[in-house]
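What follows is calculated from the coordinates using simple rules that are stated; it is not laboratory data. Nothing here was measured: the structure is a model prediction, and the numbers come from that model. No Cβ is skipped: glycine too gets one built from the backbone with ideal geometry, and neighbour counts run over all protein chains shown.
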């Protein structure tokens, strides 16, 4: 990550020098840093709410119940995670929230899942196979109703703002398929290499 | 079908907000103290995400301000045009994994300029809906878990985005025609 990050910054400087926009960089850096803090702090409210509810659901046995229902699929995807581990429950809640397009609820569940997976991680600080796979599935963005896009289309006066739903579902299913395949392949390649 | 799914989306959160404490009470859980116990990690998690998110968003902000993204879009145009990605939609391919707000801005531009029911409008809609702001997700998730070495997570996630976009071109072409 250090290499990629440094490359991004250096590339920006080189391109900015070529396009004569070096003067814009200072402002952009300050503005982005400020925006990052706003976004992070914006997470605090929903994070607090859902982490609290999640704990109630855990104590009541609701999460374990849910985990049992989808266990066959998840066990195949994440063989190294014990089926009864709290990470399973959080991952399921995250995927369910994502499917329903509830981004606000999905993020806290996803964060919780990553933290739970970290407790199983033998090499702390280095992504485990399960963490990498979970993130890749998340970035493939499988959702039943792409609400934001539909709203944009309706706002732009579309005759059929919803007509893209099936196409979006198909395209993101391809994304999930590739995410799982590539993660599994790269995980295996990473293990056989020293 | 759509109406049903939308109703489910609208009802899901309120039902969970009411249903989880209710189920907890029925199971004899001390709902309020347990809620507070779980909720107290919320602030820490948010604060923990700040450093990685600042790092990622500053790098991406610099990249945007430098004009590198426009340059990349221009460079890709001759290759992707014949494959079914109109010039107006191209910036979306480059910006989507980097900035959620930026991507929605591009979609909005395409919808306004070419119409939501045009090929470009549909393609931009499907592309935006079937991919994620990958760098943001990775920064938040790995940041909250205290993970700094991402291993194959970044290539896998970016390939998933790419697959979603290629699939969007194919599917929109098949379902609606160009």
*With a ≥ b ≥ c taken as the square roots of the eigenvalues of the C-alpha gyration tensor of the range A:1-77, please select rounded if a/c is under 1.5 and otherwise prolate if a/b is larger than b/c or oblate if it is not?*
oblate
*Say R0 is 56 Å: what FRET efficiency, to the nearest 0.05, do residue A:120 and residue B:75 get from their beta-carbon distance?*
0.85
_Give the average, rounded to an integer, of partner chain Cβ atoms located within 10 angstrom of each Cβ in A:26-33._
6
*Residue-averaged 222 nm ellipticity for chain B, from DSSP H runs of 4+ at -39500 (n - 2.57), nearest 500*: -26000 deg cm²/dmol
*Per-residue mean of C-beta atoms belonging to partner chains within 10 Å, peptide B:25-33*: 3
*Rank A:74, A:25, A:43 by mean-square fluctuation in a GNM of chain A with C-alpha springs under 10 angstrom and give only the top-ranked residue.*
A:25
*Sort chain B into rounded, prolate or oblate with this rule: let a ≥ b ≥ c be the square roots of the eigenvalues of the Cα gyration tensor; rounded if a/c is under 1.5, and if a/c is not under 1.5, prolate when a/b is larger than b/c, oblate otherwise.*
oblate
*Return B:95, A:92, A:4 ranked ascending by Cβ neighbour count within 10 Å, so the fewest neighbours appear first.*
A:4, A:92, B:95
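Taking the Cβ of each residue in A:116, B:37, A:80 as the centre, tally the other Cβ atoms inside 10 Å and list the residues starting with the fewest.
So the ranking, lowest neighbour count to highest, is A:80, B:37, A:116.
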*Could you please rank A:75, B:48, placing first whichever residue has the fewest other Cβ atoms within 10 Å of its Cβ?*
A:75, B:48
*chain A - mean residue ellipticity at 222 nm from DSSP helices (-39,500 (n - 2.57) per run, n ≥ 4, rounded to 500)*: -26000 deg cm²/dmol
*asked:* Let me make sure I get this right: for the range A:68-194, a, b and c are the square roots of the gyration tensor eigenvalues over alpha carbons, sorted descending. Under 1.5 in a/c it's rounded, otherwise prolate if a/b > b/c, else oblate. Which is it?
replied: prolate
*Most fluctuating residue of B:69, B:104, B:17 in a GNM of chain B with Cα springs under 10 Å: which is it?*
B:17
*If you take the beta carbon distance between residue B:10 and residue B:178 as r and set R0 to 41 Å, what does 1/(1 + (r/R0)^6) give as a FRET efficiency, to the nearest 0.05?*
0.75
*Contact order normalised by residue count of chain A, Cα under 8 Å, 6+ apart, percent*: 15 percent
*Calculate how steeply helix B:41-65 sits against the longest principal axis of the alpha-carbon atoms of chain B, using the helix alpha-carbon long axis, and give the answer as 0 to 90 degrees to the nearest 10.*
10 degrees
*For the range A:3-22 and the range A:50-96, compute the distance between their C-alpha centroids and round to whole Å.*
43 Å
*asked:* Run the simple label-point estimate for residue A:4 and residue A:148 please: 7 Å along Cα→C-beta, distance reported in nm.
replied: 2.0 nm
